[in-house]
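> Here it is, the structure in full.
The values are calculated or read from the model by the stated rules, or taken from the named source; none is laboratory data. Computed from a predicted structure; not experimentally measured. Glycine also receives a Cβ, built like all others from the backbone with ideal geometry; neighbour counts cover every protein chain displayed.
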């Protein structure tokens, strides 16, 4: 799960496993596998970094 900021300033948590496409048009649009689209303030690269960080965190064993 990653936290992103909608254009109205509210923060939402997105299931990163449901992300199908992230595009900048110029706003960043996240398209989920459900077909739902979310416009966010973070850049495409930032979304990519958040997902990578979350995946690393999930695979971390103590």
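> Picking from 22, 51, which residue would you name as being in a helix (DSSP H, G or I), surrounded by 11 or more Cβ atoms within 10 Å (Cβ to Cβ) and in contact with a helix residue (DSSP H, G or I) (Cβ under 7 Å, 6 or more places away or on another chain)?
Only one candidate qualifies: 51.
> Something else now. So which residues in the range 6-19 are in a strand (DSSP E or B) and either farther than 19 Å from residue 58 by Cβ or at pLDDT below 95 (or both)?
6, 11, 12
> Can you find, within the range 33-42, the residue that is surrounded by the most Cβ atoms within 10 Å (Cβ to Cβ) among those that are under 22 Å from residue 9 (Cβ atoms) and in contact with a strand residue (DSSP E or B) (Cβ under 6 Å, 6 or more places away or on another chain)?
Selected residue: 40.
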